[in-house]
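The values are calculated or read from the model by the stated rules, or taken from the named source; none is laboratory data. This structure is a prediction, so every number in the text was calculated from the model and none was measured. Quick reminder, even Gly has a Cβ in these numbers, built from the backbone with ideal geometry, and neighbours come from all protein chains shown. The protein model used for the area step is the full one, side chains on, heavy atoms only, and it has no ligands, DNA or RNA in it. Shrake-Rupley method; radii C 1.70, N 1.55, O 1.52, S 1.80 Å.
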Amino acid sequence: MKHSVLTLLALSAFATTTVAHSAPELVGLAETFRAGTIVVRKHERILCYVTGVGQAVRYPVGVGRIANQWAGETYITAKYTDPSWIPPANMRREKPRLPPFIPGGSPQNPMGVATMTLSGGELAIHGTNEPNSIGRFVPYGCIRMFNEDIADLYRRVGIGTPVIVE
């Protein structure tokens, strides 16, 4: 049975929105950012790691809902694999049944396989144990990635990597 190109493109688009992981894409950028910079576009729910002039690796992400969004420039302050998690005070107020500490590797740990903390607060770029949240607005302000994608980005960046959230 033959499929039209349009049908195959439609099926391909559907598949990329329903799978638990999508491979990072090499894309062009119209803006000029310094190589080695992470650029998060909240409204598009994408993170780009700039690899050179006008080019980047693009990953889908989940970002905080409007009330929990932030914008600006920051940088990576630390990197952790298999991180444990201490829920922030504001989250514990909203969800008092959260335990005060969740060890790394626990299915209840929302940080996934790796976390990169950002300067200026309790925010991070991290993996997730809820892959269906990627490409969506999520309850809090951290930037969520598929575990495979955070592992890839983790290998590419270091402490001090600039992060621009727009």
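Observations
- Distances between placed amide hydrogens fall under 5 Å for Tyr75 paired with Ser119, Val163, all partners being 5 or more residues away or on another chain.
- Mean Cβ neighbour count within 10 Å, used as a protection proxy, ranking 125-136, 97-108 highest first: 125-136, 97-108
- Cα gyration tensor, region 99-163 - rounded (a/c under 1.5), prolate or oblate: rounded
- Rounded to whole Hz, the Karplus (6.51, -1.76, 1.60) HN-Hα couplings of region 141-154, x for glycine and proline: x, 5, 9, 9, 9, 4, 4, 5, 6, 5, 5, 5, 5, 3
- Overall form of region 17-166 per C-alpha gyration tensor (a/c, 1.5; a/b vs b/c): prolate
- Between Asn132 and Gln108, full extension at 0.36 nm per residue minus the direct alpha carbon distance yields a gain of 7.1 nm.
- Using the Karplus relation 6.51 cos²θ - 1.76 cosθ + 1.60 with θ = phi - 60°, the per-residue 3J(HN,Hα) values for region 48-56 come to 10, 9, 6, 9, x, 4, x, 9, 7 Hz, with x marking Gly and Pro.
- Cβ-placed point charges (K, R +1; D, E -1), dipole of region 24-166 about Cα centre in debye, nearest 20: 320 debye
- Largest accessible area first, the listed residues Glu94, Glu148 line up as Glu94, Glu148 when surface is computed with a 1.4 Å probe on the assembled protein chains.
- Three-way shape label, region 56-141, alpha-carbon gyration tensor, a/c 1.5: rounded
- Fully extended contour minus Cα-Cα distance, from Glu44 to Asn90, at 0.36 nm per residue: 13.9 nm
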